[in-house]
Each structure stands twice: as structure tokens, then as C-alpha cells.
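The values are calculated or read from the model by the stated rules, or taken from the named source; none is laboratory data. Quick caveat: nothing in here was measured; it's all calculated off a predicted structure. Cβ coordinates were reconstructed from backbone atoms using ideal geometry, including for glycine residues, and neighbour counts include every protein chain displayed. Protein only, heavy atoms only, side chains kept; ligands, DNA and RNA dropped before computing areas. Shrake-Rupley method; radii C 1.70, N 1.55, O 1.52, S 1.80 Å.
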Amino acid sequence: MRLRLFFTIFFVGFSLLMEAQEQMAGNTDENSANFDCGIVQTKQKLHNQYFASTPAISLRVDNVEYVYVNLQFGKRKDKIFMYIQIADKNVCIEKDKVLDIFFKSGEVVTFKNDFALNCEGYFAKQLSKKDYLKLKENEISSIKIYAYEKNYELYVSEAQNYDIDNQLNCLAAYKVKKTDEVKIKKHKKEEKNEPASGT
């Protein structure tokens with residue numbers, strides 16, 4: 001139940017798999033980048049902490065037909081996370097299973113799944129400062145995700161690289177708001193502005 005809530009919150013922009021697939025299938029403008037940060041923060045909490053997330057980036061899997069991967073970044077306190085969901089049936093990924101990111105420079109970085117064993121295709125990684133800088137300063141050529149039944153390979157376009165860089169910049173600058181505190185301050189302001197009764 002926690003697992004579903006966790007990823008449902010972070011993949012707000014992709015309510016239906018078919019909708020994402022149709023969008024990608026009919027999208028001839030794959031090389032145009034999104035310039036808007038589009039950070040979303042709701043009143044919901046994740047592990048008792050407020051969080052913010054960027055719009056998901058939909059990447060097409062090259063070695064499996066009609067399968068897409070949703071890549072998204074989130075922030076809790078001052079920590080940045082990378083979330084991935086493979087939109088395929090029964091994709092089992094265990095904790096500490098690896099994901100390889102291949103950069104155009106020829107370098108390969110391996111990330112281990114921080115999330116528990118699941119068969120819903122979820123991969124999560126808290127980015128260290130070194131991980132963050134590596135993703136920001138290098139252009140990604142492809143990503144390979146290792147699951148139980150098969151491996152998923154996807155290529156990352158120049159526009160998608162731009163979106164990743166832009167979203168990481170936006171999240172680094174974004175301060176996660178304590179939405180309950182904002183609400184309390186508003187109520188206090190309203191009380192001060194109310195005229196005293198009977199005057």
C-alpha cells in the first residue's frame with residue numbers, strides 16, 4: 001500500500017499508461033525541450049515530510065516494443081531523488097538491483113535501487129551530491145535497467161538531456177514549503193484583520 005501511494009504521488013502527470021503511450025507514439029516533436037520547471041508540491045506528505053516533484057519525462061524502451069519508462073525527480077528537505085517506473089506488466093526489481101547510465105563521454109555510472117523489492121517496475125535512488133553533479137555535467141546517451149525477467153534499454157535524446165538538466169537545476173533552487181505552516185500564517189493574518197465584535 002505504501003509503495004503504491006509513494007509512486008502514485010510522484011507520477012502525478014501520468015494517470016494512464018495508454019495516454020502516455022499515445023502521446024509518445026504520435027509525438028513527432030521529440031527533439032523539442034520543455035523550458036518550464038513545472039514543480040508541483042501538494043499538501044500530502046511522504047514519510048512525514050513535505051516534498052516537491054518535477055513533471056515526468058517519458059522515455060521509449062528500445063529493446064521492447066510499446067513499452068515506456070517514466071523518469072522523474074523529487075525533493076524532500078534538501079535531498080534530491082530520481083524515480084523511475086517501467087510501464088510494463090510484472091516488472092520485478094529488487095532492492096540493490098542496478099541501473100546503468102551511459103554518458104556520451106563513454107563513462108558508465110551504476111545506481112542501486114534504494115526501494116524495496118517490487119513487481120510494479122519501480123526504481124528509486126537518492127542522489128548524492130556527486131550523483132547530482134554527474135547527471136548535470138554530462139550528457140546521457142542511454143540507460144539500462146536490470147529486472148528479473150529482462151533488461152530494459154532506452155536512449156536519451158538531446159532534448160530529454162536538456163529537460164533532465166533543467167529539472168535538476170530547478171529542484172536544487174526550490175525550497176520545499178511547509179504547507180501547514182503557510183496555512184496557519186494565513187489564518188493568523190485573517191484573525192488580525194477581522195474587526196473586533198461589538199465595536
Check your understanding: For Val182, are the conditions met, namely being modelled with pLDDT under 90, closer than 24 Å to Asp78 by Cβ and outside any helix (DSSP H, G or I)?
Key -> no
Check your understanding: Of the residues Lys144, Lys125, which is charged (D, E, K, R) and either touching a Gly at 6+ places or on another chain (Cβ under 9 Å) or open to solvent by 40 Å² or more (accessible area, probe 1.4 Å) (or both)?
Key -> Lys144
**Study point:** Within the range 49-98, considering residues that are at pLDDT 90 or above and among the polar types (S, T, N, Q), the one farthest from Ala124 (Cα to Cα)
**Key:** Asn63
Review point. Only one of Lys136, Lys95 is without any contact (Cβ under 8 Å) to a residue 40 or more places away in the chain and over 24 Å from Val40 (Cβ atoms); which?
Key: Lys95
Review point. Of the residues that sit in the range 66-98 and are within 19 Å of Ser157 (Cβ to Cβ) and not in a strand (DSSP E or B), which one is farthest from the chain's Cα centre (by Cα)?
Key: Tyr66
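Residue under question is Asn169, and the condition is that it be closer than 20 Å to Ser53 by Cα, touching a residue at least 12 places away in the same chain (Cβ under 8 Å) and open to solvent by 60 Å² or more (accessible area, probe 1.4 Å); does it hold?
Answer is yes for this residue.
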Review point. Residue check: is Tyr132 outside any strand (DSSP E or B), open to solvent by 10 Å² or more (accessible area, probe 1.4 Å) and under 22 Å from Gln167 (Cα atoms)?
Key: yes
Check your understanding: Is it the case that Ile101 is out of contact with any helix residue (DSSP H, G or I) (no Cβ under 6 Å at 6 or more places or on another chain), outside any strand (DSSP E or B), closer than 16 Å to Val69 by Cβ and touching a residue at least 40 places away in the same chain (Cβ under 8 Å)?
Key -> no
